[in-house]
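The structure under discussion appears below in the form of structure tokens.
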Amino acid sequence: MTFTDSLYPDNWSEIATSVKLEAGWCCQKCGLKCIAPGEDTSKLTLSQLRTYNLQVHHWNRNPSDNRRENLAALCSSCHLHYHRGGKSNVSPGQLSLW
Ligand SMILES: [Zn+2]
Ligand SMILES: [Zn+2]
């Protein structure tokens, strides 16, 4: 159990899915259309899969604060952008948790 895991509510995946659904599976910063569930991804490369992976961001970076206004759907590069500049080096893999 990591620090971040413990902060997430049990229904986090439902919350995250509804945020992405409301965004129409598009990044709310750059408008990139990301992969929706059930979409055919068989022709995409691994790096494309990573690029079009929509993630949910907490504006105040507190994963236990899941009020709708604290959440935004972002593509992986925009998400990374918001987490850059801090002292911690966040890898794209970790970003799905933030
Ligand atoms: Zn974006
Ligand atoms: Zn984030």
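The values are calculated or read from the model by the stated rules, or taken from the named source; none is laboratory data. This one's a predicted model, so the numbers in the text were calculated from it and none came from an experiment. Virtual Cβ from ideal backbone geometry, glycine too; neighbours counted across all protein chains shown.
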Subject >> Those residues of region 59-70 which are under 18 Å from Y82 (Cα atoms), out of contact with any strand residue (DSSP E or B) (no Cβ under 6 Å at 6 or more places or on another chain) and free of Cβ contacts under 8 Å to residues at least 24 places away in the same chain, in sequence order >> reply: W59, N60, D65, E69
**OP:** Check whether at least one residue in region 75-85 is at pLDDT below 95, exposed (fewer than 14 other Cβ atoms within 10 Å of the Cβ) and small (G, A, S), and report yes or no.
**Re:** yes
Original post:
Of the residues in region 11-38, how many are at positive phi and in contact with a Ser or Thr (Cβ under 9 Å, 6 or more places away or on another chain)?
Top reply: 0
**OP:** Under 8 Å between Cβ atoms, at least 6 apart or on separate chains: pull out the pairs that start in region 30-45 with a residue that is touching a residue at least 24 places away in the same chain (Cβ under 8 Å) and end on any residue that is of a type in the set (S, T, N, Q) and assigned to a loop (DSSP other than H, G, I, E, B).
**Re:** C34/N53
Original post:
For region 34-70, how many residues meet the condition of being surrounded by fewer than 13 Cβ atoms within 10 Å (Cβ to Cβ) and either within 13 Å of ligand 2 (Cβ to nearest atom) or charged (D, E, K, R) (or both)?
Top reply: 10
Original post:
Given (1) exposed (fewer than 12 other Cβ atoms within 10 Å of the Cβ); (2) over 21 Å from H83 (Cα atoms), where does G31 come up short, assuming only one miss?
Top reply: (2)
Original post:
Could we say that V56 is modelled with pLDDT of 95 or more, in a helix (DSSP H, G or I) and within 16 Å of Y82 (Cβ to Cβ) here?
Top reply: no
